Every structure is written in C-alpha cells, then in structure tokens.
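Participant: This is the structure I have questions about; it appears just below.
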Amino acid sequence: MNIPSSITTMLAGILLTLISIWVGQNHGLMPVQASEAAPLIDGLFNTMMTIGTGLFLLVMGVILVAVFKFRRQPGDETDGSPVHGNIPLEILWTSIPAVIVLGLAIYSFEVYTQIGGLNPMEHSVAHGQPTHQMAHMSGAAIAAPLPSSEAEGRQTLVADAASDGIQAEGAIPGGVIQKEDGSETSITPGVGSMPGAKDPSKEFVIQANGLQYAWIFTYPDSGVVAGELHVPVGREVLLNISASDVIHAFWVPEFRLKQDAVPGQPTELRFTPNRIGEYPVICAELCGPYHGAMRTKVIAESPADFAAWVEEQKVASADGLEQALAVNPAAKAPDEFLAPYVDRLGIQPEMLHQLHSEAEKASHHVSAS
Amino acid sequence: MTQAQLQETANLPAHGSEPSGNHWRTYFSFSTDHKVIGIQYLVTTFIFYLIGGALATAVRTELATPEVDFVSREVYNSLFTVHATVMIFLWIVPATTGGFGNYLVPLLIGARDMAFPRLNALAFWMIPPAGILLLSSFFVGAPGAGWTSYPPLSLVTDQAGEAIWILSVLLLGTSSILAAINFIVTIFKMRIAGMGFNQMPLFCWAMLATSTLALLATPVLAGALILLAFDLLVGTAFFNPAGGGNPIVYQHMFWFYSHPAVYIMILPVFGMISEILPVHARKPIFGYKAIAYSSLAICFLGLIVWAHHMFTSGTPPWLRMFFMITTMVIAVPTGIKVFSWLATIWGGKIRLNSAMLFALGFLSMFVIGGISGVMVAAVPFDIHVHDTYFIVAHIHYVLFGGSVFGLYAGFYHWFPKMTGRMLNETWGQVHFWLNLVGFNLAFLPMHKLGLEGMNRRIAEYEPRFAFLNLICSIGAYILAVSTIPFIVNVIWSWMYGPKAGDNPWKGLTLEWMTSSPPPVENFDADPVLATGPYDYGFGDRATPVNVMFSDSRDPALAAGPNSALRADPDPAVAVSPDDRV
Amino acid sequence: MTGSTLDSTKTVLNHHHAEVVPHHTEHHDYRLFGITIFLIAEAMIFLGLFTAYLTFRAVAPSWPPEGTPKLELLLPGINTIILISSSFVIHNADTAIKKNDVKGLQKWFAITAAMGAIFLVGQLYEYFHLEFGLKTNLFASTFYVLTGFHGLHVAFGLVLMLAVLWRSFKQGHYSSEKHFGVEAAEIYWHFVDVVWIFLFLLLYIL
C-alpha cells in the first residue's frame, strides 16, 4: 500500500487534533467547581490542555518516527543530508507559536478581568445606584424581621437576620487605608470579584487572619468569630486577608482562588460560592513546620442555614451562655419561645419564668464583680 | 574524503604531540588547566547531586504515607530546603557552567585555556567549602524556610542554619559571577582567527548568554541576602513588617536572580544538545542562526519575567499582566530551538547510543516541562496552582527532564574526550531507561496532585492523595537506584574502558581534532576551521530528504546545498565535486 | 564550502593551502576587559540595593519615617566634592605613566589615596555624629547599609591604590608599555565615584 506521505501526515494531524480536543475536555484533573470564577478558569485550563497535548504528541511523534525511519542502518557510515535550514519553515514555526501564545495571553487577560482581577474596586460609588439583589434563597421566611431593616434600598437578605444590617460600616469601602499624612493608599488588590457592580453598602465582608497555624474568620457585621468559614451561596464575599506573623496564603481549590496573606499588608480576595458543600481551606505558603496542618473548611450553605449558623455563633459567644437553654432568633418573650420545649423537658411555664429572672440576676452579679 | 577527515587532516600540525593525561593527584590540586578544573567541577558537583538526591529520597520516604512518620516536621522542612539549595547551587549551575563550560569552551574556540586560568581555579575552589558549610548546618539546625527563604519566616525559624545558608549561597553566587566573567572575556577575545561569532559552535553562544545572565542577576541576589542577613543577625527590619519593612521587596530581589537562574541552568544544556544531536544524527544543525539568536532572546527576556513567581503575593494587576506577557513570549524562542532540533534529526542517520538516548529523552521531557510552564504563565490558572505540586511537577520536568538528562547526554558524549576511554554502552542504556521510567513515575502524578489540591512543602497530606504519592515515592527510589549503573560505568571505564582515540564520534568541532584527553595547552599550534562545525553530509551524499516548502531552484527556499544560508564555496578546495570550477 | 556557516574570507581556505603554522600565540592582556566586566556585576549589586531603597520609599506612608532627624548636607557635600575631584586627580596618574613618568604616577596616586582617606574619615565622623542608629527605622537602616557598603568599596579602592604605590617603587615595574595595575585601580576608583554620586543624590538630595 503506497499511500502518499502527505496523506498519512494529514491523517496523523487530524487524529492528533481530535485526541487533543478530547483530552482538553475530559482530563478529569480538576476538583469540583464551587465558585463563579471556577468555570472560567477551568475553561482556560482546558484550552491549554488541548494545545499542550497536541504539542506534546507532535514532538513525541516526530521523535519516534525519526528514530525508526532514520535510524542508521548497520554498516552505513555515510552522513545524512546536508540540510542547514529552511527559512519559510522557520518562519512558520516561529509565527504559529507566537500566535498561540498571543491568543493565550489575550484569553488569560479576559478571564482575569472577568474574575475581577483588574477592578477590585468595582463597588466604587461611581458605578451607580445600588442594585437590589433578589433573594434566590429558600427559607427566607424563617428569619425574624430586622429591627431596623426598613431603610430604603436595603436588602432583606437572610444573612441580615438578627444583625444590624449589612452596611459595611466596619468594612473599608474600596479597600482604601488612610495614611498618616491624610492621603490614601489602596489595599493590595486580589481577585475573585465577578463584575456586576456591587454597592459598598451591600458588600459582605469577612476578615480572614492567618497565623501560625490557623485561620480566624471575623464577621464584622455580626461580630462572629470562627475558625471555619461559613458563607451563603450566591453572594459575593469580600475576604479581607491579613497575617499576624509570617506569610500565609488562603486557598480553596474548588474555588480556584488563592491569595497570599502578608503581614503588614492587607490583601483582599473576592469570590461568589455557587455550590453548597464543604471545601478545604488550605494554607498555600510555607509558614513553619505545621504548614501542612494549617487547614480548615469553608462551608458554602444555603442562606437560611447560613443565617442559622450566624445566630448560633452569636449566641454561643454571648454573655450568660451557661444559662442558655435555646436560641431565640425572634426576640420573643422567654415563655413564648421556650413553649415548644416545655413539654419535652417536662417543665412548667412558671418554673421557666422563675429560672429566667434568676439567670438575669446571676449574670448581672457576675458582670458587676 | 569525509568532512571529519578533512577537518582532521587540516589540523594535524595543531594536534597535540605531548603525552596527555593527568596523574590523579592533579585533580586535588590548585590546577589552572581548564580541563582539570572542568573535571574537578564535574566530579564535585556530581557528588553533591548524589547528596541532594539522598535528601530527595528522604523527602519522598516521608511522603510515601500521609502521616508524619519518618522525620519530624522541622527536619522535613530542612530536608526540602537543603535539597533544593544543593541541587541548584551545588549541582546544576556549577556542573553546566563550571563543568562543561570550562572543559569545552577553550577547546571549541581553539584556545589554549580560559582568559583567566587562576581566577578559574579560584572560582572552583570556592565550591567545596561552601557546600560543606551548607551541609554542616544540619548540626545546628538546618534552615527550614525553603530554598526561597522568604522573610519573615526565614528570620524566625532555624536562625543559625539560616545564617549558614546565607553565607553559603553568597559564596556560591560569587563563584558563579567569577566564572561568568571568565567566559565572557574568553568567548569575546580568544576565538581563533577564522572563527567569527557566526562560525562558533552553538555551545559557545549558549555560554555567552548564560554568563551574561549570571553576571547581571547574581549580584542582585547578593544584595537581597545581605539585607536579609542584617535583618537576621543585627535586627534591622528591611523585610520585617514588625519594624516597618516589606517582605515583598525581598521577593522581588530574590526572584530577579532566581528566575534568570533557571535559564542559567538550562541554556548550557541547550548548547550541549545542539552539539550532540548533529554528531549522532550525522546531519548539520538546523537553523544555526535561529538557535544562536534565540539564546540571546532568552537571555534578554529572562531578565524581565521574574514576578511570575509572585502572582499571588499581592502585586498590582498591571504588574501581573506585564509579567504574564513576557513570560509567555519566552515560549517562542524556546519553541524555535525545539523545532530546530527536531528538524536536525529528521532525515539523519541516527545512532541510538547513550548520548543520543539522553538527548532525545531531554527533548521529550523538557517539552512537557515547557508546556506546563506556559500554562502557569497564565495568571488566572497560576492563582490556582501556585505553591502546589503542579509547580513541583513543572520545575522537575524542566530541571531533571531538561537539565539532568542533558547533563547525562553531555557525560556520555564527552567522556571519551575527557578520559580517553569509552563508556560501556549497555550499562548506558540501562541507566537511561531506569532514569526515564523512574523520573516519569516520580513526577508525572504530581501534576494531578497539585490540581486536585495538594499544596507543597508539607510533611502531612490528605489521605486521598496517598496512592499517587506512593507512586511518586517509588519513582524516586528507582531514580536513586538508577545512579548506580552510571557511577560504576564511569569508574570502571575510566580505568579499564577501551581506548577512545581522538575522534570516536567523527565529530567536526575542534575538541575532536586533538588527542583524547587533550594535552595541557590543548593544541600544539592554533587550529584551523577547514570545515564548519556542523558541515555533515558533503562528500558522501545521503538520501535526499523532502523538506517541506523547499524549492531547490530558489536559493532562499532551497534547504539543500544551494540554500542562501551558505557562504560561497572556494572552488579550489571545495569538497563537493559540483562546486569545483 | 557549500552549506557551511564558515566565513570563507576568514578561513585558511582562502590561502589555498590548509597550513597550520606552528607558533606560540602571544598572550594578549585581557585583564582590563575583565575588570570592566567585573564592574558591571558590581554595578548590579548597587542597583539592586538602590531599587530596594526606592521601593521602600515609594510604599512608605511618609519618608523619611516620622521622627527621623534631617540629614545635614555640609559635610557629605564636602566629601562628595573631594571624591569627585579625586577622580580627576587619579586620571593625572594615568596620563603620567603613559609618558613613562613613574614619579608623577606616585605623586598623583598618593594624593588620590589621601583624598580617599579623607572621604572615609569624613564618613566615619558623620556616622558618629548622626542621631539615628542602624536599627532606628527603615530609612536609617538603608542609609547605613548603603553608605557602609559603598564605604567598604572606597576602602578597597584605597588598598588597591596603596598596592600600586608600593609596587611602583620596584624598578621598571610600571612603564608606558605596561601599567595594568594603574589602569585597574583607576577604573575601579571612577566606578566608586560614580556610585557615590547616585548614592548622594538618592539619600541626601531626593
């Protein structure tokens, strides 16, 4: 069978392309996607896997074919062809990689912009009216109304339940810090923000402080402090990252996002979790012998679950905890909200009333001493 | 007559006539002979390679299981810190530049020795004490902040070891700078009369680019380490935020050197491959000028990409984009080389001896490393994989798959010239296959480990990564074992191997035009270039090869003898009868 | 020679006989070229330190940090003038030896060495009278490290000059034909001078 070599080469090329495309889409190398940025980054990676597979197969193919086809025959002491170069061919294999690389650079730039890398200050006032985000969350009805949530334009997201609202009074809008001489400088920017102009008053800020060897997450709005990061799905989080001792880094593989925590220089990371689940939070910068053990979890949950968690945390850290019997999310009177438990505990309502006042007196006594 | 015969005949008067070869004691002395120094470098650095490899084996032993069960966490951190430092500063950099660079450059350009032989010896003799100093840090608590030694961590852990590390690296950096000065002057000033820049072998171009990088970048590392030393020993706060300092400034200064360092580690190997492939494929190097100038391009670009190691450090977005672009651009000159090498072997008469196997292995493995390199140049992707095992995979594919395979190719190719004896081929093949298998087992799974969530520099990891890590550790053990056939082969062959003769490979470059090993001043008289360094294939024409896009009627498109890339033949002595008037 | 990378105008092929003439090549003196290349490396270390200084300055809230006493300019200014003039002085030595005037070489080198020594003494005087120490703040640390590193180079330059001076007393050691040591010391001294100009501008003026 004497098939012309140009045809076999073409078939090989087609096969190589098909294999590369398949590998690019089916490599199965990445973990599950749990943030809005993840699919964009995975798309970029898949493209690069396709190109890389193709290139590798091409190079390996040429080497293997050459080794078989052009192996010196025993007894042949002659030289090969005196071919020193071929300018058109060299131009071709310079320009094609240049075009590929340019394409990848543009694609990467696109993805980077889309995940907010260039505009961490998306939420600046210049971007216009605050948007009213509709709550897609279920279970919004559980929450008791906010004491002061009737303000105009304020969202009534579940996360605000029992908190003073999400206006970022404590958070620093635009990531700006004041210098001593009154001028401002910006916090080193991070990535993860999905454009779609967020209003500073709606920013969901969490402080993440890394130290040897744990993360401490503080929710400024509600005052909750925790070792695990709880976030509601579907809402952009602004993580203000800091470090207390050495350099750490905050990384969640399923989010595809990472940011170093540098002592003395706050950094920020924005992400929008969009898949309920528990994912590891891994320290990704050598911080000492226990660097490998410095890990915790990010729990992306429904807004209702998140609200419940916040409540629990607030109660758990409140004074007089030792007297607590149950969580009171709706500020009802003690005998009202404890009523459901009364039967189970076999307690009479009058006893509750008495306990409650005893507890109050005791806590006052404690705080006075 | 063949090209090789033409070159050899022309150089008979220059051929060394004094007895060659050295007493073993010479190699332990302060010799100023570049060949002795070259061999001193090669043997010393290979010993450090074995030490670095032992440290790596210890690391992989710990990582064979998810728990911390082999060494303590502190010791583990020291193991990988010293492993990397040894491999970079005591193996690859000195072996490629000081070892092969010193041995080959004077011979390739027809010189008697380097420009500054005593400086050469001084540069070498800084290596063993600096290496011993570094290893001695294990007695006081070896440094454990990684070979990158980022403050503030490097200021607070293992301070005695850290101080030793700084001093050792300063010494090794100084040695590297002194060697670079020597190469630049030698290559600029000491080529024989007929050898312009465009006639010199490609290894010399590579050494020129490498030395430029070493000259310009290493001093900046010295500055960084001096400031770090002040912070560590005196209590200043250049990089310590507690005192108003900035740890990111250290990162910039460190990587300004350490990125060019990787090009310092690979460019000489690129040069060696350009020498080895034509000889064993009996074909000219394809695209001489492209390969030569791409070395310069890599040298220049290599100086403006450093912050791609800092994409998550908190650098501004515009900075990340700039460095992303420059980093991606470097793929182009590197790609030019790879394709030129492929075109060199295509249509040749390939001999699959050990040197060629390692050269081809280099080509395959380095391409994988290069591909993962372009991937991590993309900022959004790097944000995910920075400081994970994906990076560990990338660096080992370029450093081991690239530099070490290339160094082995160089050993097999030039051992006959250096010692006058041939290495055993069979054991060379065993060495190659063990290396290839062990290397890929050890490092290929690391790509997946990193992508799935395994960060680097950890002694303990999630149990779900246990299986892949075990595979990597097995691969590492195979690599450890693979050094044995090589070491035995070298020792045995050096003493009892068959004599090599002047030119066992029928090469055309000038080192093959004198005895094996060459006499003290290499040549009895200035050698001449009767034929170019890559002019294979003239007297005895081989099978015509169909080169794409070529058209033999048009000089610009002819890939063969009428190509515009050639100078006109001298009718009086032209080898090909067609060119004789 | 078809296909070759050879430049046939430069090869032996043009001579119609491939003949190697045995002779011992003269040893050219590449040492001055070598020193120049070395000074490029030295320049890079200072460049790295300067860049670090400029970066610290750029990101600091205020520079020099609050409370740093202002640097006086008189003494360092005089020192600068001395150092810059000394470069002209040392050049006279080079001119002298090129005319085979060893005595002239010695005179000018001695004067330069003295000027260098005065510079160093002035620097030490300044150190002892400064109101901030090495660890006071970031500006202080960079100030001392930069000027100290430079001062070490001045001292080394001084040693070079003294060594050349010493050697010059040996009959016929330096002549109009061979005076590498003189040129090496001179080029090194010019380098040290240029570095100081940048340092002075960065630390004292800007």
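The values are calculated or read from the model by the stated rules, or taken from the named source; none is laboratory data. This is a predicted model, so every value here is computed, not measured. Glycine gets a Cβ as well: all are built from the backbone with ideal geometry, and neighbour counts include every protein chain shown. Areas reflect the complete protein model, heavy atoms only, side chains present, ligands, DNA and RNA absent. Shrake-Rupley method; radii C 1.70, N 1.55, O 1.52, S 1.80 Å.
Participant: Pop a pseudo-label 7 angstrom from the Cα along the beta-carbon direction at both B:PHE28 and B:TRP492 and give the gap in nm to one decimal.
Facilitator: For B:PHE28 paired with B:TRP492, the spin-label model returns 2.6 nm.
Participant: At 1.4 Å probe size, put C:ILE197, B:ILE345 in order of accessible surface, largest to smallest.
Facilitator: Order by accessible area, largest first: C:ILE197, B:ILE345.
Participant: Please state the shape class of chain C: rounded when a/c is under 1.5, otherwise prolate if a/b exceeds b/c and oblate if not, all from the C-alpha gyration tensor.
Facilitator: Oblate is the answer for chain C, as a/c is 1.5 or above yet b/c matches or exceeds a/b.
Participant: I'd like the mean, over residues of B:313-326, of how many other protein chain beta carbons sit within 10 Å of each residue's own Cβ.
Facilitator: 5
Participant: What is the extension gain from C:ILE118 to C:GLU42, computed as 0.36 nm multiplied by their sequence separation minus the C-alpha to C-alpha distance, in nm to one decimal?
Facilitator: 25.0 nm
Participant: OK, next. HN-Hα J couplings of segment A:246-261 from phi, Karplus 6.51/-1.76/1.60, θ = phi - 60°, integer Hz, Gly and Pro as x?
Facilitator: For segment A:246-261, the Karplus curve yields 10, 6, 10, 8, 9, 9, 10, x, 5, 8, 6, 10, 8, 8, 5, 10 Hz.
Participant: For chain B, with equal point scatterers placed on the C-alpha atoms only and solvent neglected, what are the log10 I(q)/I(0) values from the Debye formula at q = 0.06, 0.08, 0.09 1/Å, to two decimals?
Facilitator: Listed by q, the Debye log ratios stand at -0.31, -0.55, -0.69.
Participant: With r defined as the distance between the Cβ atoms of C:LEU201 and B:ALA54 and R0 fixed at 41 Å, what FRET efficiency is calculated, to the nearest 0.05?
Facilitator: With R0 = 41 Å, the Cβ-Cβ based efficiency is 0.20.
Participant: Oh, and also: List, in the order given, every pair from A:LYS69/B:LYS289; B:LYS189/B:LYS506; B:LYS189/C:LYS99; A:LYS258/B:LYS448; A:LYS258/B:LYS337 whose Cα-Cα distance in the structure shown is over 25 Å.
Facilitator: As for pairs spanning more than 25 Å Cα to Cα, those are A:LYS69/B:LYS289; B:LYS189/B:LYS506; B:LYS189/C:LYS99; A:LYS258/B:LYS337.
Participant: Using the Kyte-Doolittle scale, find the helices of chain B whose mean hydropathy is at least -0.5 and whose Cα atoms extend 24 Å or more along the helix's long axis, counting only whole DSSP H runs.
Facilitator: B:34-63, B:159-189, B:202-229, B:247-281, B:354-377, B:425-452, B:466-496
Participant: Measuring from centroid to centroid over Cα atoms, what is the spacing of segment A:1-56 and segment B:99-116 in Å?
Facilitator: Using only Cα atoms to place each centre, the spacing works out to 45 Å.
Participant: Apply the a/c threshold of 1.5 to the C-alpha gyration tensor of segment B:1-148 and tell me whether it is rounded, prolate or oblate.
Facilitator: Note, shape of segment B:1-148 comes out prolate.
Participant: How would B:TRP414, C:TRP63, C:TRP166, A:TRP93 line up by accessible area, probe 1.4 Å, largest first?
Facilitator: C:TRP166, C:TRP63, A:TRP93, B:TRP414
Participant: Hey, how many Å between the Cα centroid of segment C:78-104 and the Cα centroid of segment B:389-447?
Facilitator: First find each Cα centre; the distance between them is then 56 Å.
Participant: Given R₀ = 51 Å, what would the calculated FRET efficiency be for A:THR17 paired with A:THR78, taking r from the Cβ atoms and rounding to 0.05?
Facilitator: After rounding to 0.05, the efficiency reads 0.85.
Participant: Oh, and also: Filter the cross-link list C:LYS103/C:LYS170; B:LYS35/B:LYS283; C:LYS98/C:LYS170 down to pairs whose alpha-carbon distance in this structure exceeds 20 Å.
Facilitator: Where the Cα-Cα span goes over 20 Å, the pairs concerned are B:LYS35/B:LYS283.
Participant: In terms of modelled amide H atoms, which long-range or inter-chain residues lie less than 5 Å from the amide H of A:VAL237?
Facilitator: Under 5 Å from the amide H of A:VAL237: A:PHE271, A:THR272.
Participant: Could you check the spin-label model distance between B:VAL437 and C:PHE180? Points 7 Å from the Cα along Cα→Cβ, value in nm.
Facilitator: 5.5
Participant: Right, something else. Given labels modelled 7 Å from the Cα in the Cβ direction, how far is it in nm from B:SER72 to B:ALA160?
Facilitator: Between B:SER72 and B:ALA160, the label points sit 1.3 nm apart.
Participant: Determine the sum of side-chain charges near C:ALA113: Lys and Arg each +1, Asp and Glu each -1, restricted to other residues whose C-beta is under 15 angstrom from that of C:ALA113.
Facilitator: Result for the neighbourhood of C:ALA113: -1.
Participant: Within a 10 angstrom radius of each residue's Cβ in B:110-123, how many Cβ atoms of other chains show up on average? Whole number is fine.
Facilitator: Neighbouring Cβ atoms belonging to other protein chains average 1 per residue here.
Participant: With contacts defined as alpha carbon pairs under 8 Å and 6 or more residues apart, what's the relative contact order of chain B in percent?
Facilitator: Taking the mean separation of contacting Cα pairs over the length of chain B, I get 20 percent.
Participant: Would you mind checking which residues have amide H under 5 Å from A:ALA261's amide H? H placed 1.01 Å from N; only 5 or more apart, or other chain.
Facilitator: Close amide H contacts, sequence-distant or interchain: A:HIS248, A:ALA249, A:PHE250.
Participant: I'd like the FRET efficiency for A:LYS69 and A:HIS27, computed as 1/(1 + (r/R0)^6) with the beta carbon distance as r and R0 of 30 Å, rounded to 0.05.
Facilitator: Taking R0 as 30 Å, the efficiency between A:LYS69 and A:HIS27 is 0.45.
Participant: Probe 1.4 Å, all protein chains in place: accessible area of A:GLU254 in Å², nearest 10?
Facilitator: So the heavy atoms of A:GLU254 present about 20 Å² to solvent.
Participant: Trypsin sites (Lys or Arg not before Pro) within segment C:37-125: which are DSSP loop residues with at most 12 other Cβ atoms inside 10 Å?
Facilitator: Hits after loop and neighbour filter: C:LYS70, C:LYS99.
Participant: With θ set to phi - 60° and the Karplus curve 6.51 cos²θ - 1.76 cosθ + 1.60, what are the ³J(HN,Hα) couplings of segment C:97-106 in order, to the nearest whole Hz, using x for Gly and Pro?
Facilitator: These are the phi-based 3J(HN,Hα) values: 5, 5, 9, 6, 8, 5, 4, x, 3, 5 Hz.
Participant: Here is a follow-up. Work out the mean other chain Cβ neighbour count within 10 Å for the residues of B:341-353 and drop it here as an integer.
Facilitator: The mean count of partner-chain Cβ atoms within 10 Å per residue comes to 6.
Participant: Same structure again: Any idea how far the Cα center of segment A:292-318 sits from the one of segment B:45-69, in Å?
Facilitator: Going from one Cα centre to the other spans 40 Å.
Participant: Please list, ordered by chain and number, the residues whose modelled amide H lies under 5 Å from the amide H of A:SER35; skip anything fewer than 5 residues away on the same chain.
Facilitator: A:ASN274
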